[in-house]
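The values are calculated or read from the model by the stated rules, or taken from the named source; none is laboratory data. These figures come from a predicted structure and were not determined experimentally. When we count neighbours, we look across all protein chains shown, and the Cβ atoms used for this are built from the backbone with ideal geometry, even at glycine. The accessibility values were calculated without ligands, DNA or RNA, using every heavy atom of the protein model including side chains. Shrake-Rupley method; radii C 1.70, N 1.55, O 1.52, S 1.80 Å.
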Amino acid sequence: MVNLVSPLLELPLMIGDRERVESALRASVQTADAYLTEIASHLIIAGGKRLRPVLAVAAAQVGTDAPVVDHVIQGAIACELVHLGSLYHDDVMDESATRRGVETVNAKWGNLQAIVAGDFLLARASEIAASLGNEVSGLLARTIGRLCEGQVEELRHTYDRGRTIPSYLVSIQGKTASLFATSARIGSLMAGHSRQVTDTITNVADAYGMVFQIVDDVLDIVATDEQLGKPAGHDLEEGVYTLPVLLTLAADTAESRELYDLLGSPLTAKERTKALKIVRNGSGLSAALETARSYAAIAEAACASLPASAATDALRRAPRALLDSLV
Ligand code: GRG
(Lines give C-alpha, C1' and ligand atoms only; values in the text may rest on other atoms or scores of the structure.)
Protein backbone atom coordinates (compact mmCIF):
# COMPACT_ATOMS: atom_id res chain seq x y z
CA MET A 1 0.00 0.00 0.00
CA VAL A 2 1.19 3.53 -0.71
CA ASN A 3 2.21 5.34 2.42
CA LEU A 4 1.31 9.01 2.26
CA VAL A 5 4.25 10.30 4.27
CA SER A 6 3.25 13.23 6.38
CA PRO A 7 5.26 15.41 8.74
CA LEU A 8 2.02 15.55 10.74
CA LEU A 9 2.36 11.85 11.47
CA GLU A 10 5.95 12.34 12.58
CA LEU A 11 5.28 15.02 15.19
CA PRO A 12 7.16 13.69 18.26
CA LEU A 13 4.94 15.65 20.60
CA MET A 14 1.97 13.67 19.33
CA ILE A 15 2.96 10.35 20.90
CA GLY A 16 1.18 10.79 24.25
CA ASP A 17 -1.80 12.42 22.56
CA ARG A 18 -2.05 9.55 20.10
CA GLU A 19 -2.63 7.12 22.98
CA ARG A 20 -5.30 9.41 24.39
CA VAL A 21 -7.01 9.49 20.97
CA GLU A 22 -6.91 5.68 20.66
CA SER A 23 -8.41 4.95 24.05
CA ALA A 24 -11.05 7.71 23.71
CA LEU A 25 -12.04 6.36 20.27
CA ARG A 26 -12.52 2.83 21.56
CA ALA A 27 -14.46 4.09 24.57
CA SER A 28 -16.71 6.24 22.39
CA VAL A 29 -18.36 3.26 20.65
CA GLN A 30 -19.09 1.11 23.70
CA THR A 31 -22.76 0.21 24.09
CA ALA A 32 -24.81 -2.20 26.18
CA ASP A 33 -25.14 -4.29 23.02
CA ALA A 34 -21.95 -6.33 22.44
CA TYR A 35 -22.93 -7.01 18.79
CA LEU A 36 -23.27 -3.32 17.93
CA THR A 37 -20.08 -2.49 19.87
CA GLU A 38 -18.18 -5.10 17.86
CA ILE A 39 -19.42 -3.83 14.49
CA ALA A 40 -18.86 -0.17 15.42
CA SER A 41 -15.33 -0.94 16.68
CA HIS A 42 -14.30 -2.92 13.59
CA LEU A 43 -12.53 -0.21 11.57
CA ILE A 44 -11.26 1.56 14.69
CA ILE A 45 -9.36 -1.58 15.70
CA ALA A 46 -8.20 -2.07 12.08
CA GLY A 47 -6.18 1.18 12.33
CA GLY A 48 -6.01 3.91 9.72
CA LYS A 49 -3.80 6.99 9.69
CA ARG A 50 -5.98 9.02 12.10
CA LEU A 51 -5.25 12.13 10.03
CA ARG A 52 -8.29 14.03 11.29
CA PRO A 53 -7.40 13.61 14.99
CA VAL A 54 -3.78 14.43 14.14
CA LEU A 55 -4.92 17.65 12.46
CA ALA A 56 -7.07 18.57 15.48
CA VAL A 57 -4.20 18.01 17.91
CA ALA A 58 -1.64 19.73 15.68
CA ALA A 59 -3.98 22.73 15.35
CA ALA A 60 -4.32 22.89 19.14
CA GLN A 61 -0.52 22.81 19.49
CA VAL A 62 0.11 25.75 17.19
CA GLY A 63 2.19 28.19 19.23
CA THR A 64 2.71 25.78 22.15
CA ASP A 65 4.23 22.40 22.99
CA ALA A 66 2.08 21.74 26.05
CA PRO A 67 -0.15 18.62 26.09
CA VAL A 68 -3.60 19.39 24.72
CA VAL A 69 -6.67 19.70 26.95
CA ASP A 70 -9.20 16.86 26.95
CA HIS A 71 -11.74 18.85 24.91
CA VAL A 72 -9.26 18.75 22.01
CA ILE A 73 -9.10 14.94 22.21
CA GLN A 74 -12.91 14.76 22.33
CA GLY A 75 -13.21 17.07 19.30
CA ALA A 76 -10.56 15.01 17.51
CA ILE A 77 -12.41 11.74 17.99
CA ALA A 78 -15.77 13.28 17.02
CA CYS A 79 -14.19 14.07 13.63
CA GLU A 80 -12.68 10.59 13.29
CA LEU A 81 -16.10 9.09 14.09
CA VAL A 82 -17.70 11.15 11.30
CA HIS A 83 -14.94 9.95 8.95
CA LEU A 84 -15.57 6.35 10.05
CA GLY A 85 -19.34 6.69 9.57
CA SER A 86 -18.74 7.98 6.05
CA LEU A 87 -16.38 5.05 5.32
CA TYR A 88 -18.98 2.52 6.50
CA HIS A 89 -21.53 4.06 4.14
CA ASP A 90 -19.05 4.55 1.30
CA ASP A 91 -18.06 0.87 1.42
CA VAL A 92 -21.72 -0.12 1.10
CA MET A 93 -22.16 2.22 -1.87
CA ASP A 94 -18.99 0.89 -3.57
CA GLU A 95 -19.61 -2.73 -2.51
CA SER A 96 -15.98 -2.71 -1.27
CA ALA A 97 -14.55 -5.88 0.23
CA THR A 98 -11.51 -4.55 2.10
CA ARG A 99 -10.64 -1.38 3.99
CA ARG A 100 -7.68 -0.60 6.27
CA GLY A 101 -6.30 -4.04 5.39
CA VAL A 102 -9.30 -5.93 6.79
CA GLU A 103 -12.71 -7.04 5.55
CA THR A 104 -15.20 -4.19 5.28
CA VAL A 105 -18.16 -4.16 7.64
CA ASN A 106 -20.53 -4.78 4.71
CA ALA A 107 -18.47 -7.79 3.59
CA LYS A 108 -18.26 -9.24 7.11
CA TRP A 109 -21.74 -8.53 8.47
CA GLY A 110 -23.82 -7.25 5.53
CA ASN A 111 -25.05 -3.94 4.11
CA LEU A 112 -27.86 -3.44 6.61
CA GLN A 113 -25.51 -3.76 9.57
CA ALA A 114 -22.96 -1.45 7.93
CA ILE A 115 -25.56 1.26 7.32
CA VAL A 116 -26.94 1.18 10.86
CA ALA A 117 -23.49 0.96 12.46
CA GLY A 118 -22.40 3.93 10.30
CA ASP A 119 -25.43 5.86 11.57
CA PHE A 120 -24.46 4.89 15.11
CA LEU A 121 -20.94 6.30 14.62
CA LEU A 122 -22.46 9.59 13.42
CA ALA A 123 -24.75 9.60 16.46
CA ARG A 124 -21.82 9.15 18.86
CA ALA A 125 -19.90 11.89 17.03
CA SER A 126 -22.89 14.22 17.40
CA GLU A 127 -23.25 13.44 21.10
CA ILE A 128 -19.59 14.24 21.74
CA ALA A 129 -19.81 17.43 19.66
CA ALA A 130 -22.88 18.53 21.65
CA SER A 131 -20.87 18.15 24.87
CA LEU A 132 -18.33 20.62 23.43
CA GLY A 133 -20.86 23.38 22.87
CA ASN A 134 -23.13 24.88 20.22
CA GLU A 135 -20.40 26.10 17.89
CA VAL A 136 -18.67 22.71 17.61
CA SER A 137 -22.01 20.92 17.38
CA GLY A 138 -23.25 23.15 14.55
CA LEU A 139 -19.91 22.99 12.76
CA LEU A 140 -19.79 19.20 12.79
CA ALA A 141 -23.43 18.90 11.64
CA ARG A 142 -22.72 21.29 8.77
CA THR A 143 -19.63 19.29 7.83
CA ILE A 144 -21.60 16.01 7.71
CA GLY A 145 -23.86 17.82 5.24
CA ARG A 146 -20.82 18.94 3.22
CA LEU A 147 -19.60 15.34 2.99
CA CYS A 148 -22.97 14.30 1.60
CA GLU A 149 -23.00 17.23 -0.86
CA GLY A 150 -19.50 16.36 -2.09
CA GLN A 151 -20.44 12.72 -2.52
CA VAL A 152 -23.66 13.56 -4.39
CA GLU A 153 -21.80 15.92 -6.71
CA GLU A 154 -19.51 13.00 -7.59
CA LEU A 155 -22.42 10.58 -8.06
CA ARG A 156 -24.29 13.05 -10.26
CA HIS A 157 -21.38 13.01 -12.72
CA THR A 158 -20.61 9.30 -12.82
CA TYR A 159 -19.56 8.32 -16.37
CA ASP A 160 -19.98 11.98 -17.38
CA ARG A 161 -17.21 12.88 -19.85
CA GLY A 162 -18.43 16.49 -19.77
CA ARG A 163 -17.82 16.81 -16.01
CA THR A 164 -16.24 20.21 -15.34
CA ILE A 165 -13.16 21.01 -13.25
CA PRO A 166 -15.28 23.16 -10.87
CA SER A 167 -17.57 20.14 -10.33
CA TYR A 168 -14.52 18.06 -9.37
CA LEU A 169 -13.09 20.75 -7.06
CA VAL A 170 -16.44 21.39 -5.34
CA SER A 171 -16.89 17.65 -4.83
CA ILE A 172 -13.48 17.01 -3.24
CA GLN A 173 -13.76 20.13 -1.09
CA GLY A 174 -17.00 18.69 0.31
CA LYS A 175 -16.20 15.01 0.57
CA THR A 176 -12.59 15.33 1.82
CA ALA A 177 -11.25 18.83 2.55
CA SER A 178 -14.24 20.00 4.62
CA LEU A 179 -13.64 17.39 7.35
CA PHE A 180 -9.90 18.12 7.40
CA ALA A 181 -10.72 21.81 7.82
CA THR A 182 -13.30 21.13 10.54
CA SER A 183 -10.96 18.80 12.45
CA ALA A 184 -8.30 21.50 12.61
CA ARG A 185 -10.87 24.21 13.39
CA ILE A 186 -12.33 22.26 16.30
CA GLY A 187 -8.81 21.57 17.66
CA SER A 188 -8.04 25.27 17.44
CA LEU A 189 -11.33 26.35 19.03
CA MET A 190 -10.94 23.88 21.92
CA ALA A 191 -7.38 25.11 22.51
CA GLY A 192 -8.72 28.65 22.85
CA HIS A 193 -6.76 30.17 19.96
CA SER A 194 -7.85 33.58 18.66
CA ARG A 195 -10.44 33.82 15.87
CA GLN A 196 -7.77 34.97 13.46
CA VAL A 197 -5.47 32.02 14.23
CA THR A 198 -8.45 29.64 14.06
CA ASP A 199 -9.52 30.94 10.64
CA THR A 200 -5.97 30.65 9.30
CA ILE A 201 -5.58 27.09 10.65
CA THR A 202 -8.93 26.16 9.05
CA ASN A 203 -7.76 27.46 5.67
CA VAL A 204 -4.44 25.62 5.95
CA ALA A 205 -6.19 22.31 6.71
CA ASP A 206 -8.70 22.88 3.91
CA ALA A 207 -5.87 23.41 1.39
CA TYR A 208 -4.08 20.34 2.80
CA GLY A 209 -7.29 18.34 2.22
CA MET A 210 -7.43 19.50 -1.41
CA VAL A 211 -3.81 18.40 -1.96
CA PHE A 212 -4.54 15.11 -0.18
CA GLN A 213 -7.45 14.22 -2.46
CA ILE A 214 -5.75 15.33 -5.69
CA VAL A 215 -2.67 13.25 -4.78
CA ASP A 216 -4.94 10.30 -3.98
CA ASP A 217 -6.61 10.68 -7.38
CA VAL A 218 -3.24 10.95 -9.14
CA LEU A 219 -2.06 7.81 -7.34
CA ASP A 220 -5.08 5.93 -8.66
CA ILE A 221 -3.65 6.62 -12.12
CA VAL A 222 0.11 6.30 -11.61
CA ALA A 223 0.61 3.74 -8.84
CA THR A 224 0.92 0.02 -9.46
CA ASP A 225 -1.77 -2.42 -8.32
CA GLU A 226 0.64 -3.66 -5.62
CA GLN A 227 1.32 -0.14 -4.32
CA LEU A 228 -2.40 0.64 -4.15
CA GLY A 229 -3.53 -2.70 -2.75
CA LYS A 230 -6.27 -2.61 -5.42
CA PRO A 231 -6.27 -2.38 -9.24
CA ALA A 232 -5.02 0.98 -10.55
CA GLY A 233 -7.63 2.94 -12.49
CA HIS A 234 -10.37 1.97 -10.02
CA ASP A 235 -11.94 5.43 -10.29
CA LEU A 236 -11.99 5.22 -14.10
CA GLU A 237 -13.60 1.82 -13.80
CA GLU A 238 -16.28 3.20 -11.49
CA GLY A 239 -16.95 6.13 -13.83
CA VAL A 240 -15.45 8.67 -11.41
CA TYR A 241 -13.49 11.04 -13.65
CA THR A 242 -10.96 12.84 -11.48
CA LEU A 243 -8.73 15.86 -12.13
CA PRO A 244 -5.95 14.14 -14.16
CA VAL A 245 -8.58 12.50 -16.37
CA LEU A 246 -10.64 15.68 -16.84
CA LEU A 247 -7.52 17.69 -17.67
CA THR A 248 -6.42 15.03 -20.17
CA LEU A 249 -9.86 15.15 -21.80
CA ALA A 250 -9.61 18.95 -21.97
CA ALA A 251 -6.38 18.81 -24.03
CA ASP A 252 -7.28 18.94 -27.70
CA THR A 253 -5.19 16.00 -28.97
CA ALA A 254 -5.76 12.74 -30.83
CA GLU A 255 -5.14 10.88 -27.55
CA SER A 256 -7.67 12.96 -25.63
CA ARG A 257 -10.28 12.19 -28.32
CA GLU A 258 -9.40 8.51 -28.07
CA LEU A 259 -9.83 8.72 -24.28
CA TYR A 260 -13.18 10.45 -24.77
CA ASP A 261 -14.35 7.56 -26.97
CA LEU A 262 -13.23 4.97 -24.40
CA LEU A 263 -14.97 6.63 -21.44
CA GLY A 264 -18.66 7.25 -20.80
CA SER A 265 -19.59 3.68 -19.86
CA PRO A 266 -18.04 0.72 -17.97
CA LEU A 267 -14.64 -0.40 -19.30
CA THR A 268 -13.32 -3.83 -20.20
CA ALA A 269 -9.90 -4.72 -18.68
CA LYS A 270 -8.27 -3.94 -22.02
CA GLU A 271 -10.00 -0.57 -22.31
CA ARG A 272 -9.01 0.33 -18.74
CA THR A 273 -5.34 -0.40 -19.52
CA LYS A 274 -5.59 1.73 -22.67
CA ALA A 275 -7.31 4.62 -20.87
CA LEU A 276 -4.75 4.50 -18.05
CA LYS A 277 -1.91 4.61 -20.56
CA ILE A 278 -3.35 7.70 -22.26
CA VAL A 279 -3.75 9.55 -18.94
CA ARG A 280 -0.31 8.47 -17.72
CA ASN A 281 1.34 9.80 -20.89
CA GLY A 282 -0.80 12.91 -21.33
CA SER A 283 -0.46 16.46 -20.02
CA GLY A 284 -3.38 16.13 -17.58
CA LEU A 285 -1.27 14.44 -14.95
CA SER A 286 1.28 17.25 -14.61
CA ALA A 287 -1.52 19.85 -14.83
CA ALA A 288 -3.31 18.12 -11.93
CA LEU A 289 -0.11 18.17 -9.88
CA GLU A 290 0.27 21.86 -10.71
CA THR A 291 -3.21 22.47 -9.25
CA ALA A 292 -2.19 20.51 -6.13
CA ARG A 293 0.98 22.60 -5.84
CA SER A 294 -1.09 25.78 -5.92
CA TYR A 295 -3.10 24.55 -2.89
CA ALA A 296 0.16 23.59 -1.13
CA ALA A 297 1.44 27.12 -1.75
CA ILE A 298 -1.76 28.58 -0.23
CA ALA A 299 -1.23 26.46 2.90
CA GLU A 300 2.44 27.41 3.17
CA ALA A 301 1.76 31.12 2.78
CA ALA A 302 -1.01 31.03 5.40
CA CYS A 303 1.28 29.24 7.90
CA ALA A 304 3.66 32.19 7.78
CA SER A 305 1.19 34.23 9.84
CA LEU A 306 0.78 31.56 12.55
CA PRO A 307 2.74 31.59 15.82
CA ALA A 308 5.95 29.54 15.53
CA SER A 309 5.97 25.99 16.95
CA ALA A 310 6.75 22.39 15.92
CA ALA A 311 3.06 21.97 15.01
CA THR A 312 3.10 25.07 12.78
CA ASP A 313 6.16 23.71 11.03
CA ALA A 314 4.51 20.29 10.55
CA LEU A 315 1.35 21.92 9.16
CA ARG A 316 3.40 24.01 6.76
CA ARG A 317 5.41 21.05 5.46
CA ALA A 318 2.53 18.54 5.28
CA PRO A 319 0.98 19.37 1.86
CA ARG A 320 4.34 19.53 0.06
CA ALA A 321 5.35 16.20 1.64
CA LEU A 322 2.31 14.59 0.04
CA LEU A 323 3.46 15.81 -3.35
CA ASP A 324 7.05 14.75 -2.68
CA SER A 325 5.82 11.23 -1.84
CA LEU A 326 4.80 10.87 -5.49
CA VAL A 327 8.30 11.21 -6.93
C1 GRG B 1 -22.52 9.43 6.36
C2 GRG B 1 -21.00 11.42 6.84
C3 GRG B 1 -21.70 10.54 5.88
C4 GRG B 1 -21.56 10.80 4.56
C5 GRG B 1 -22.28 10.07 3.49
C6 GRG B 1 -20.42 8.20 1.83
C7 GRG B 1 -20.40 9.69 1.96
C8 GRG B 1 -21.68 10.41 2.14
C9 GRG B 1 -19.27 10.38 1.96
C10 GRG B 1 -17.95 9.70 1.85
C11 GRG B 1 -17.06 10.46 1.01
C12 GRG B 1 -15.68 9.84 1.01
C13 GRG B 1 -15.51 8.36 1.12
C14 GRG B 1 -14.65 10.66 0.89
C15 GRG B 1 -13.25 10.22 0.85
C16 GRG B 1 -12.64 10.46 2.18
C17 GRG B 1 -11.24 9.94 2.23
C18 GRG B 1 -10.18 10.86 1.78
C19 GRG B 1 -10.98 8.70 2.66
C20 GRG B 1 -9.65 8.15 2.88
O21 GRG B 1 -9.15 8.79 4.04
P22 GRG B 1 -7.80 8.35 4.72
O23 GRG B 1 -6.77 8.07 3.67
O24 GRG B 1 -8.24 6.94 5.36
O25 GRG B 1 -7.47 9.33 5.77
P26 GRG B 1 -7.78 6.26 6.74
O27 GRG B 1 -8.30 4.83 6.63
O28 GRG B 1 -6.28 6.31 6.84
O29 GRG B 1 -8.45 7.03 7.82
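Given only helices, namely DSSP H runs of n ≥ 4 each adding -39500 (n - 2.57), what is the per-residue ellipticity at 222 nm of the chain, to the nearest 500 deg cm²/dmol? Walk me through the intermediate numbers first.
Working: 17 runs with 234 residues, N = 327.
After summing the helix terms and dividing by residue count, I get -23000 deg cm²/dmol.
Just to confirm a number: summing +1 for Lys and Arg and -1 for Asp and Glu over residues other than Ser188 whose beta-carbon lies under 12 angstrom from that of Ser188, what do you get? If you can, show how the numbers build up before the last one.
On the way: positive: Arg185, Arg195; negative: Glu135, Asp199.
Its environment carries a net charge of 0.
First compute the accessible area of region 7-324 with a 1.4 Å probe, then give the percent of it belonging to carbon and sulfur atoms. Can you show the working numbers first?
Details: 7210 of 13310 Å².
Accessible surface attributable to carbon and sulfur in region 7-324 totals 54 percent.
Taking only Cα atoms and a 10 Å spring cutoff, compute GNM fluctuations for the chain and point out the largest among Ala97, Ala314, Ala232.
Ala97
Using a probe radius of 1.4 Å on heavy atoms only, what accessible surface per residue do you get for region 207-327? Whole Å² is fine. Intermediate values should be presented prior to the final figure.
Numbers: 5280 Å² over 121 residues.
On a per-residue basis, region 207-327 sits at 44 Å².
Taking 0.36 nm per intervening residue step and subtracting the Cα-Cα distance, what contour gain separates Glu290 from Ala304 on full extension?
2.9 nm
Picking from Pro307, Tyr159, Thr248, whose Cα lies most toward the positive end of the charge dipole for region 7-324 (charges on Cβ: Lys, Arg +1; Asp, Glu -1)?
Ranked along the dipole, the leading option is Pro307.
Starting from the Cα of Asn281, step 7 Å toward the Cβ, then list every residue of region 243-273 with an amide N under 14 Å from that point.
253-259, 273
Of Ala34, Pro319, Val215, whose Cα points farthest to the positive end of the dipole of the chain (charges on the beta-carbon: +1 Lys, Arg; -1 Asp, Glu; origin at the Cα centre)?
Pro319
Distance between the C-alpha centers of region 98-118 and region 240-281? Whole Å please.
Using only Cα atoms to place each centre, the spacing works out to 32 Å.
Given springs between every Cα pair under 10 Å in a Gaussian network model of the chain, which of Leu36, Leu189, Leu246 has the largest fluctuation?
Leu36
Using label points projected 7 Å from each Cα along Cα→Cβ, tell me how many nm separate Thr158 and Val69, to one decimal.
4.5
Please determine, in degrees from 0 to 90 and to the nearest 10, the orientation of helix 111-131 with respect to the longest principal axis defined by the Cα atoms of the chain, where the helix direction is its Cα long axis.
Around 40 degrees separate the two axes.
Give me, ordered by chain and number, the residues 5 or more places off Thr98 or on other chains with an amide H under 5 Å from its own placed amide H.
Thr104
For region 7-324, what's the relative contact order in percent, using C-alpha pairs closer than 8 Å and at least 6 residues apart? Could you put the intermediate results ahead of the total?
Working: 489 pairs, mean separation 67.5, N = 318.
The normalised contact order for region 7-324 reaches 21 percent.
With each pseudo-label sitting 7 Å past Cα toward Cβ, what's the Gln30-Lys49 distance in nm, one decimal?
3.1
Taking the solvent-accessible surface of protein heavy atoms with a 1.4 Å probe, what is the per residue accessible area of region 31-84 in Å²? Kindly include the intermediate steps, with their values, before the conclusion.
Values: 1740 Å² over 54 residues.
I get 32 Å² per residue for region 31-84.
With a/c under 1.5 counting as rounded, go ahead and sort the chain into rounded, prolate or oblate using the C-alpha gyration tensor (a ≥ b ≥ c being the square roots of the eigenvalues; past the cut-off, prolate if a/b is larger than b/c, else oblate). Intermediate values should be presented prior to the final figure.
On the way: a/c = 2.00, a/b = 1.33, b/c = 1.50.
Oblate shape, in that a/c is at least 1.5 and b/c is the bigger or equal ratio.
Identify all lysines with a Cα-Cα distance to Lys175 below 18 Å; exclude those on the same chain that are fewer than 8 residues away in sequence.
Lys49
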